[in-house]
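**Q** Handing you a structure now.
Nothing in this text is a laboratory measurement; each read-out follows from the coordinates by a stated rule. All values reported here derive from a predicted model rather than from experimental measurement. Here Cβ is always computed from backbone atoms with ideal geometry, including for glycine, and neighbour counts include all displayed protein chains.
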Amino acid sequence: MRTLPRVAALLLGCSLLAAPSPSSGGGADDDTRLSTGLPSDGRPASTQLSTRPRIPQTSDGVRGEIARPIPRRLRGLARATAPSAEWRVAPGIRYHRWDQVDARGPIRAHLLTVNLRTRGVSLGYGSPGYVARTDEVSDIVARSKAVAGVNGDFFDIGDTGAPLGIGRSPSAGLLHAPKAGWNAAFFLDSRGRPDIGPLQPVLRVAKRPGMTITNYNSPAVPPGGIGAYTPRWGLTSGYSVTDGRRRGVRYVRVVRQRVVETGRRLSQGKRVRGVILVGRGRGARSLMALRKGDRVRLQRGIAGSPRLAITGNKILVRDGVIDVVDDREMHPRTAIGYDRDTGDVLMLVVDGRQSFSRGYTMVELAELMIDLGADEALNLDGGGSTTMVAPKPGERVSVRNSPSDGAQRKVANGLTVRYRKPS
C-alpha cells in the first residue's frame, strides 16, 4: 500500500521531535510537555461541555467531549505504533488498523483503501431495502453482496429513519434528495471517477413551472414545499413528514402519470403505490390545482449524471487543504476521501467515546485524511453510527471497529465495496 507507510513514517518521525514524556524525567515545562491527557482510570480528562450554540455533529445529537487546546508548536506531534493489523481483503482492497497517542489522548483508526483502477473492484450505495428503513452495516453489506463497507449519511434517527441528503445507486438511480441543502457529497461522476463536492438535484413536475418539488423521498417537507414519495420510500409515514403539522397539508397520488386520488389526511403504515405528492402551506395550495385524471410527470435526477452519490455534513478537505474549522468536539468519526495520485478511495473510521480511543475533532479528522494522501475528503455520519465491516483472511465479513454504543447501530445507508473476479 502507498498511503499508510507514509503516515506511519510521519507519525513515528514526529515522535522523535516530541517533548519528553512525564515518566522520562525530561525538563520540559508542563504546558509544553506531550502527555496522554488520561487520568489513571483511562478515561479522557477533559469532560467540559461547550455552552456555545451548536449544530449536532452526529445523527444521535450527543454532545462530544471538548478537546483541550494544543499549543501551535505541538500540533501534529504524536507517538504512534506501527500498524497493528494489515491485510488484503481482495485484489485492490486493503484493511489497516493502528493506534496513536498525542497530547489529547489515544485514538484507534481503521482504514480501507479501495483502488478503483483494479479490475473487478467497485463501490456501491448500500441500502436497508427502503429509504425509510434502517439496518446494521453488516447486514447492508451482506444485502449488497459486498466484501466491506462503512456507514453513510446522517439520518432522521428519531423518526422516519430516512437519510437527510442525496443518495444515488448505480443500479436503482436516484433514491432520495432534498432540492437544496445537505448536498455535500462523495460521488462517482458519469465516467466512474471519484469526486467530492456539492451536487444539485433536478426535481420538477413537467410543464407545471409553478409546482416546485422541494424534496424527493426525504424525511420532512419544509413549510411551503412539496415532497414526492415513491415505492422506494417504504410505508407511508403519516404526518411525520410534515413535522407533525396537520393543518395546511394536502396530498395527491399519481399512478402511471395520472392523478388518481387527492385529499388532506396523510396515511400511516401503508405501501406507497405510484407517486405521492405531499404539500405544506403554499405547496398544498399549489396541489389543489390538480384533479383526478390530470397528467402529472415527475422529472428527477442529479445535474451531471453521477453514477453513485452519498452525502455528509461537511467537506473536510478541498484540493489538499483543510476546509473545516471545528477543533472542539470529539466524536467517533467516519470519513471518505480519495488520492488522485494512487487512485485509492480512502474509507476511514476513528473509534471514540471509549477509554482507548477518544475520538477526533473535525480538524483532526481532516489532518489525518491529508496525511493519508486524500486530496478531497468528506465527513460522514459519526457517533454511535460509526461502523466499518470487512473480513479477515479466510473468515466472514464482520465488524472491524468498536462501535461506541457497544454494538452496531441501525443506520440509513452505507458505502459498500464489491469485488468480482474478472472472467
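**Q** Pick from Asp159, Asp99, Asp351: which is most flexible by mean-square fluctuation in a GNM of the chain where alpha carbon atoms under 10 Å apart are linked?
**A** In the Gaussian network model the winner is Asp159.
**Q** Could you tell me the distance between the Cα centroids of the stretch 138-181 and the stretch 345-423, to the nearest Å?
**A** 15 Å
**Q** For the pair Val321 and Lys145, how long in nm is the line joining their label points, each one 7 Å along Cα→Cβ?
**A** Result: 4.5 nm between the two label points.
**Q** Helix 362-371 against the longest principal axis of the chain: what's the angle in degrees, Cα atoms only, rounded to the nearest 10?
**A** The helix 362-371 is inclined about 70 degrees to the chain.
**Q** While we're looking at this one, here's another question. For Pro91, what charge total do you get from the other residues with a beta carbon under 9 Å from its beta carbon, if Lys and Arg give +1 and Asp and Glu give -1? Display every interim value, and only then the final one.
**A** On the way: positive: Arg88, Arg119, Lys421; negative: none.
In short, +3.
**Q** Report the extension gain between Trp87 and Arg68 in nm, rounded to one decimal, defined as 0.36 nm multiplied by the number of residues separating them, less their alpha carbon distance.
**A** 3.4 nm
**Q** Could you work out the helix-only [θ] at 222 nm for the chain, with each DSSP H run of four or more residues adding -39,500 (n - 2.57) and the total divided by the number of residues, to the nearest 500 deg cm²/dmol?
**A** Helix-only estimate at 222 nm: -2500 deg cm²/dmol.
**Q** Using 20 Å as the Cα-Cα cut-off, could you pick out the over-long pairs in Lys207/Lys270; Lys392/Lys421; Lys207/Lys292; Lys314/Lys392; Lys314/Lys410?
**A** Working: Lys207/Lys270 30 Å; Lys392/Lys421 18 Å; Lys207/Lys292 17 Å; Lys314/Lys392 31 Å; Lys314/Lys410 22 Å.
In this structure, Lys207/Lys270; Lys314/Lys392; Lys314/Lys410 exceed 20 Å between Cα atoms.
**Q** I want to verify a result. In a Gaussian network model of the chain, Cα cutoff 10 Å, which of these has the top mean-square fluctuation: Leu203, Leu298, Leu372?
**A** Leu298
**Q** Can you list residues from other chains, or at least 5 along the same chain, whose modelled amide H is less than 5 Å from the amide H of Glu65?
**A** Distant-sequence amide H within range of Glu65: Met330.
**Q** So what is log10(I(q)/I(0)) for the chain at q = 0.08, 0.09, 0.14 1/Å, when the Debye sum runs over its Cα atoms only?
**A** Relative scattering, expressed as log10 I(q)/I(0), comes to -0.47, -0.58, -1.20.
**Q** Go ahead and set up a Gaussian network model of the chain, Cα springs under 10 Å, then flag whichever of Lys314, Lys410, Lys392 fluctuates most.
**A** Looking only at Lys314, Lys410, Lys392, the biggest GNM fluctuation is shown by Lys392.
**Q** Tell me the relative contact order for the chain as a rounded percent, counting alpha carbon contacts under 8 Å between residues six or more apart. Display every interim value, and only then the final one.
**A** Numbers: 1134 pairs, mean separation 92.5, N = 423.
Normalised by residue count, the contact order of the chain is 22 percent.
**Q** What is the extension gain from Arg256 to Gln268, computed as 0.36 nm multiplied by their sequence separation minus the C-alpha to C-alpha distance, in nm to one decimal?
**A** 2.1 nm
**Q** Return the distance in nm (one decimal) between the two label points of a simple spin-label model at Ser171 and Ser423, each offset 7 Å from Cα along Cα→Cβ.
**A** Each label point is offset 7 Å from its Cα along the Cβ direction, giving 1.6 nm.
**Q** Taking the Cα atoms only, what angle lies between the long axis of helix 3-17 and the longest principal axis of the chain, rounded to 10 degrees?
**A** That helix lies at roughly 40 degrees to the long axis.
**Q** Regarding the stretch 204-302, what are the three Cα extents along the principal axes, ordered largest first, in Å?
**A** 31, 29, 26
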